[in-house]
1. Of all helices (runs of 4 or more DSSP H) completely enclosed by the range 1-55, which ones contain at least 3 residues that are over 30 Å from residue 180 (Cα atoms) and more than 8 Å from the ligand (Cβ to nearest atom)?
2. For the range 202-230, give me the residue count where each residue is under 18 Å from the mean Cα position of the chain (by Cα) and closer than 22 Å to residue 95 by Cβ.
3. Being assigned by TED's automatic domain parsing to the domain that holds residue 89, in contact with a strand residue (DSSP E or B) (Cβ under 7 Å, 6 or more places away or on another chain), within 12 Å of the ligand (Cβ to nearest atom) and in contact (Cβ under 8 Å) with a residue 40 or more places away in the chain: is that true of residue 194 here?
4. Considering only the range 214-235, how many residues are in a loop (DSSP other than H, G, I, E, B), more than 10 Å from the ligand (Cβ to nearest atom) and out of contact with any helix residue (DSSP H, G or I) (no Cβ under 9 Å at 6 or more places or on another chain)?
5. Restrict the check to the range 128-148 and report whether at least one residue is surrounded by fewer than 13 Cβ atoms within 10 Å (Cβ to Cβ), within 12 Å of the ligand (Cβ to nearest atom) and farther than 23 Å from residue 235 by Cβ.
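The values are calculated or read from the model by the stated rules, or taken from the named source; none is laboratory data. Bear in mind that the values here come from a model prediction, so they are computed numbers and not experimental data. When we count neighbours, we look across all protein chains shown, and the Cβ atoms used for this are built from the backbone with ideal geometry, even at glycine.
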Ligand code: OAD
């Protein structure tokens, strides 16, 4: 067994409060593209034209069409073995929290309930006027931009560049991370700084930090255990070794 995985299993056997922070790489093996990297979405699309409040104000139909195209990919995708291991971890550890940057909903579909979707959900819309939230369901949305029953424009219920995070979700994450003893960061480039900040806070409070990613990232050097591999492959290996 890889020595880093043995180290991780040893730490997991002692851990009581465990958190997992996931990024786009987590869903790669389910066929959902990441944002950065050679085949990432930001190679072909410009974030400022699609994922900002200004872009939505300028062309709400274009923004909706892009989100609807991604949502259809997500609806056809299935959680993989790595998602199932994280769902099993929720039951295994006495205290557990999953914080995900992913808006695809694959973690709740795999069974996670103690989770914070810090960037929102692609499967939900929010009214720009009355703030009502509604689930989008599985049908293809043909009339875009979507409108709320009150008549105002609805928007995807996600966090865009230039927007603040929900402060309740942020403080619930920080509360948990304040007493976490083991924190994983899975499939995140660290280019969006809040999740890295959360992991750094946990480390300052004494947590052991695990970096699981096929590639080295800028924040990897602050991590105590570094595992180079894919989420599905490494989480399965870890889980078998832990049993
Ligand atoms: P990125 O697309 O920036 O990074 C994806 C990471 O996943 C990279 O570090 C890859 O090396 C890694 N990766 C690729 N395949 C993997 C696999 N099979 N298993 C594990 N890791 C793998 O994604 P995030 O860091 O999540 O924001 O980016 C966060 C935010 O940037 C997104 O939420 C989005 C984007 O711009 C907004 O739209 C506001």
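1. Values: elements: 3-14, 41-44, 47-50.
Filter on the range 1-55 gives 47-50.
2. 5
3. Numbers: assigned by TED's automatic domain parsing to the domain that holds residue 89: yes; in contact with a strand residue (DSSP E or B) (Cβ under 7 Å, 6 or more places away or on another chain): no; within 12 Å of the ligand (Cβ to nearest atom): yes; in contact (Cβ under 8 Å) with a residue 40 or more places away in the chain: yes.
Against the criterion (assigned by TED's automatic domain parsing to the domain that holds residue 89, in contact with a strand residue (DSSP E or B) (Cβ under 7 Å, 6 or more places away or on another chain), within 12 Å of the ligand (Cβ to nearest atom) and in contact (Cβ under 8 Å) with a residue 40 or more places away in the chain), residue 194 does not qualify.
4. Residues of the range 214-235 that are in a loop (DSSP other than H, G, I, E, B), as a first pass: 214-217, 223-224, 228-230.
From what is left, the residues that are more than 10 Å from the ligand (Cβ to nearest atom) are 223-224.
Adding the requirement that they be out of contact with any helix residue (DSSP H, G or I) (no Cβ under 9 Å at 6 or more places or on another chain) leaves none.
The number of residues fulfilling the criteria is 0.
5. Checked against the condition, which is being surrounded by fewer than 13 Cβ atoms within 10 Å (Cβ to Cβ), within 12 Å of the ligand (Cβ to nearest atom) and farther than 23 Å from residue 235 by Cβ, the range 128-148 yields no hits at all.
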